[in-house]
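So the structure is just underneath, and the comments pick up after that.
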Amino acid sequence: MSDYNFAYLDEQTKRMIRRAILKALAVPGYQVPFASREMPMPYGWGTGGVQVSAACLVPEDRLKVIDQGADDTTNAVSIRRFFERTAGVATTGRTAEATLIQTRHRIPEEPLTRDQILVYQVPIPEPLRFLEPRETETRKMHSLEEYGLVHVKLYEDIARHGQIATSYAYPVKVEGRYVMDPSPIPKFDNPKLESAAVQLFGAGREQRIYALPPHCKVVSLDFEDHPFEATKADHACDLCGSGTSYLDEVIVDDAGGRMFVCSDTDYCEGRRDAGHRGRLAAINQEDAA
Amino acid sequence: MDDAVMTDAVMTGGFSDPSIQSAWGFRAAMMAMARPGDILAVSGAQAPGGVSVAASVMLLVLCDPETPIWLAPSHDSADLRRWIAFHTGAPVVATRGEAVFALGSWDSLVPLDGYRIGTAEYPDRSATLIVEMGALQGVGAVLTGPGIADRARLTLPEVAAFRANRALFPLGLDFFFTSGDKLAALPRSTVVAEPAEVV
């Protein structure tokens, strides 16, 4: 291995983070302050998720890192290499094979199991921050369970757009108590927050850790006459043909041509390996050849 | 302090590979806290004075100079105090109200009203109790709540105290139960019922 301590962080830092994780699991949805360290990557690149992962990893883990669903983007590749080097853990692109998955802004399409841990990178952990900029006030609002402002925001969406226009970082209420920001995942992923896996959220710059234990009740906020809806682009994947996965829209030429592809690259590849074909799959194969 | 009293029991019993063994110990502690009622095995540490392997591992994984520990009379001994000082550097405090962690048998840890339960704005600033048990089994009290798919069972020393603790939510205490090399956990979020109360 390398000259780094296991998983980069020193032992006392890991203990501090580990204690915060335990309290976060004990009070689901509550943001536990922690003494976030400077990491060898800039804020906004997943320093919170990396610190949580570092505190959780064991040498036997098989790590998967995704950025907006993809295993092969810069952020995912660099974090995966970081832990290959500093923790010596095995890595994988396959959701089912991974024991710990660090994610930026997506939940994998494939349902997670009880032995998996999902670590989210969180930019702004406070769901009330854009409604009330003062930390002293938002902290008081959480303690008093004063969440009227969030509903006002959703109501203003309806008044202005005729529907709830919030499409990502859609606020949820955890176990009937804390309103939580699920990180900027598309609201399509919100129903998957009720999972058999352990879900941990790390915000490095904002110095907060929060968590969802398995099978935790997570309700997306809504109104009786405007119920929550998990939306996606109204297409099938052009590569694998899946009609149920979350899609990215890709502009393919200067004439307005576009295609829709699964945002979860592993899910898409798995389906194509199993013989599923989408509208443009044939063309794509010719390109590759 | 007499140096001659620094026995082998004080110097030994720590992790041989702290970084890796702490990671294993924490993974077990985290999974126990995430899934109340699950019983997991740990290894690698042995504190003196009748402390279980599991409680010893918890002390090494979680405690350092930032975490005051209160030792209940059942487990308070000169050897254990020195072991904690040598291996973790954590201060042993005189009253339960100062403690971040407390260690002892149930009879010795109660009453629970002296521990820190957090504040409305910072519910995380509460104590974690490490309760040494005679045995740990998946029978007895019925647990429901976050981390539990349907319901779980766990041998608890009593029900009333945990029910009162749940009523404080989101404030309250969190518990680890240890016996031999086994550990389980009960966060404040878990609803506890007598077996007879559940149909």
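The values are calculated or read from the model by the stated rules, or taken from the named source; none is laboratory data. Quick caveat: nothing in here was measured; it's all calculated off a predicted structure. Reconstructed Cβ throughout: ideal geometry from the backbone, glycine too, with neighbour counts over all protein chains shown. Keep in mind that these areas ignore ligands, DNA and RNA; they rest on the heavy atoms of the full protein, side chains included. Shrake-Rupley method; radii C 1.70, N 1.55, O 1.52, S 1.80 Å.
Residue count for segment B:106-140 satisfying the condition of being in contact with a Gly (Cβ under 8 Å, 6 or more places away or on another chain), open to solvent by 40 Å² or more (accessible area, probe 1.4 Å) and closer than 21 Å to A:Arg177 by Cβ: 3. The residue of segment A:231-258 that is farthest from A:Val65 (Cα to Cα), among those that are in contact with a helix residue (DSSP H, G or I) (Cβ under 9 Å, 6 or more places away or on another chain) and at pLDDT below 95, is A:Thr231. Within segment B:157-166, the set of residues being touching a residue at least 24 places away in the same chain (Cβ under 8 Å), closer than 13 Å to B:Val110 by Cβ and open to solvent by 30 Å² or more (accessible area, probe 1.4 Å) comprises B:Pro157, B:Glu158, B:Ala164. The number of residues in segment A:32-57 that are in a helix (DSSP H, G or I) and away from chain B (no Cβ under 12 Å) comes to 5. Of everything in segment B:128-145, what is free of Cβ contacts under 8 Å to residues at least 60 places away in the same chain and either polar (S, T, N, Q) or in contact with an Asp or Glu (Cβ under 6 Å, 6 or more places away or on another chain) (or both)? Give them in sequence order. Once the filter is applied, which keeps residues that are free of Cβ contacts under 8 Å to residues at least 60 places away in the same chain and either polar (S, T, N, Q) or in contact with an Asp or Glu (Cβ under 6 Å, 6 or more places away or on another chain) (or both), segment B:128-145 yields only B:Thr144. Look at (1) within 28 Å of B:Thr190 (Cα to Cα); (2) buried (at least 16 other Cβ atoms within 10 Å of the Cβ) and you find that A:Gly69 fails only one, number (1). Sub-7 Å Cβ pairs linking a first residue in segment A:88-115 that is of a type in the set (Asp, Glu) to a second residue that is part of a loop (DSSP other than H, G, I, E, B), at least 6 apart or interchain, are A:Glu109/A:Ser245; A:Glu109/A:Asp264; A:Glu110/A:Thr95; A:Glu110/A:Ala96; A:Asp115/A:Thr99, ordered by first then second residue.
When B:Ala55, B:Ala29 are checked against the criterion of being more than 21 Å from A:Asp10 (Cα to Cα), within 15 Å of the chain's Cα centre (by Cα), at pLDDT 95 or above and among the small types (Gly, Ala, Ser), a single residue qualifies: B:Ala55.
Quick one: count up the residues across segment A:164-190 that are touching a strand residue (DSSP E or B) at 6+ places or on another chain (Cβ under 7 Å) and either among the polar types (S, T, N, Q) or part of a helix (DSSP H, G or I) (or both). Of the residues in segment A:164-190, 4 are touching a strand residue (DSSP E or B) at 6+ places or on another chain (Cβ under 7 Å) and either among the polar types (S, T, N, Q) or part of a helix (DSSP H, G or I) (or both). Sort through B:Ala85, B:Ala94, B:Ala34 and tell me the only one that's aliphatic (A, V, I, L, M), surrounded by fewer than 21 Cβ atoms within 10 Å (Cβ to Cβ) and out of contact with any Phe, Trp or Tyr (no Cβ under 9 Å at 6 or more places or on another chain). Of B:Ala85, B:Ala94, B:Ala34, the one residue that is aliphatic (A, V, I, L, M), surrounded by fewer than 21 Cβ atoms within 10 Å (Cβ to Cβ) and out of contact with any Phe, Trp or Tyr (no Cβ under 9 Å at 6 or more places or on another chain) is B:Ala85.
Just a yes or no: is a residue in segment A:187-194 open to solvent by 60 Å² or more (accessible area, probe 1.4 Å) and either within 14 Å of another protein chain (Cβ to nearest Cβ) or within 30 Å of A:Pro127 (Cα to Cα) (or both)? For segment A:187-194, residues open to solvent by 60 Å² or more (accessible area, probe 1.4 Å) and either within 14 Å of another protein chain (Cβ to nearest Cβ) or within 30 Å of A:Pro127 (Cα to Cα) (or both): present. Restricting to segment B:143-170, name every residue that is farther than 18 Å from B:Pro195 by Cα, out of contact with any His (no Cβ under 8 Å at 6 or more places or on another chain) and at the interface with another protein chain (Cβ under 10 Å from one of its Cβ atoms). Those that are farther than 18 Å from B:Pro195 by Cα, out of contact with any His (no Cβ under 8 Å at 6 or more places or on another chain) and at the interface with another protein chain (Cβ under 10 Å from one of its Cβ atoms): B:Phe169, B:Pro170. Per the listing A:Glu109, A:Glu11, A:Glu60, the residue uniquely within 14 Å of chain B (Cβ to nearest Cβ), in contact with a helix residue (DSSP H, G or I) (Cβ under 7 Å, 6 or more places away or on another chain), of a type outside the set (Ser, Thr, Tyr) and surrounded by fewer than 23 Cβ atoms within 10 Å (Cβ to Cβ) is A:Glu11.
Each residue in segment B:171-197 was checked for being facing chain A (nearest Cβ under 10 Å) and either hydroxyl-bearing (Ser, Thr, Tyr) or open to solvent by less than 20 Å² (accessible area, probe 1.4 Å) (or both), and 11 of them qualify. Among residues of segment B:9-37 that are facing chain A (nearest Cβ under 7 Å) and in contact (Cβ under 8 Å) with a residue 60 or more places away in the chain, those with a Cβ under 8 angstrom from a residue that is basic (Lys, Arg) and outside any helix (DSSP H, G or I), sequence gap 6+ or separate chain, pair up as B:Arg35/A:Arg114. Of all residue pairs spaced 6 or more apart or on separate chains, none has beta-carbon atoms under 6 Å together with a first member in segment A:23-36 that is farther than 16 Å from A:Pro182 by Cβ and a second member that is at pLDDT below 95. Might you check whether a residue that is under 22 Å from A:Asp264 (Cβ atoms), away from chain B (no Cβ under 14 Å) and part of a strand (DSSP E or B) occurs anywhere in segment A:72-89? Within segment A:72-89, not a single residue is under 22 Å from A:Asp264 (Cβ atoms), away from chain B (no Cβ under 14 Å) and part of a strand (DSSP E or B). Assess whether A:Val27 counts as being within 14 Å of chain B (Cβ to nearest Cβ), open to solvent by less than 40 Å² (accessible area, probe 1.4 Å) and either at pLDDT below 95 or touching a helix residue (DSSP H, G or I) at 6+ places or on another chain (Cβ under 6 Å) (or both). Judged against the criteria, A:Val27 is not a match.
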